[in-house]
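Asks: Here it is, the structure in full.
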Amino acid sequence: TGHFCKDTAKEISTLITELHPAVIEESKVCFLHSDVKDMNIMCTRDDELLALIDWGDAGWGDPTFDFRQIPLQAIPYVLAGYRDVAPDLLGGTLKERIIWDKLHYCIVQALENPSHSIPVDKFRRFLK
């Protein structure tokens, strides 16, 4: 199993403590794809969205869960699409909930692969 150095563990713990109030708030529940990543997005040669494929992990939950595998730098573009289609779906604490989900995903990845890093500094920049 993976391990964290003491400083990284302390940074993660502090971030979890800071995010906790946002994630315990009740969020809207909707039907999710739950595996949004580049391999599951079909586009035309002109980058027009055709379909989101592979719905095998789909289910009900907080809509921010679909951001878990989307790179941080791409999230503003995905958020713009969400806001066009469902402007009231994400709620006011969406950035905190997105980072909570990403942090959880990174911890699981790091436990499976010790070389996987947890970018706490990038998460903090995203939250600002």
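Asks: Looking only at the range 68-96, which residues are under 24 Å from His20 (Cβ atoms) and of a type in the set (Val, Ile, Thr)?
Replies: Result: Ile70, Ile75, Thr93.
Asks: Another one. Under the condition of being of a type outside the set (A, V, I, L, M, F, W, C) and open to solvent by less than 50 Å² (accessible area, probe 1.4 Å), which residue from the range 83-96 is nearest to the chain's Cα centre (by Cα)?
Replies: Ranking the candidates gives Thr93 first.
Asks: Something else now. Would you mind finding the one in Ala80, Ala22, Ala51, Ala110 that is without any contact (Cβ under 8 Å) to a residue 24 or more places away in the chain, open to solvent by less than 60 Å² (accessible area, probe 1.4 Å) and either in a helix (DSSP H, G or I) or at positive phi (or both)?
Replies: Residue meeting the stated conditions: Ala80.
Asks: Kindly check whether there is at least one residue in the range 98-105 that is more than 17 Å from the chain's Cα centre (by Cα) and of a type outside the set (Lys, Arg).
Replies: The answer is no, given that none of the residues of the range 98-105 is more than 17 Å from the chain's Cα centre (by Cα) and of a type outside the set (Lys, Arg).
Asks: Here is a list of conditions, (1) exposed (fewer than 11 other Cβ atoms within 10 Å of the Cβ); (2) in a loop (DSSP other than H, G, I, E, B), and Val36 meets all of them except one; can you say which number that is?
Replies: (1)
Asks: Another question about this same structure. I'd like to verify a number: residues in the range 70-95 that are of a type in the set (Asp, Glu) and closer than 19 Å to Val36 by Cα, how many?
Replies: Selection size over the range 70-95: 1.
The values are calculated or read from the model by the stated rules, or taken from the named source; none is laboratory data. Fair warning: this is a prediction, and the values are worked out from it, not measured in the lab. Please note: Cβ atoms are built from the backbone with ideal geometry, for glycine as well, and neighbour counts cover all protein chains shown. These accessible areas exclude ligands, DNA and RNA; they are computed on the full protein's heavy atoms, side chains included. Shrake-Rupley method; radii C 1.70, N 1.55, O 1.52, S 1.80 Å.
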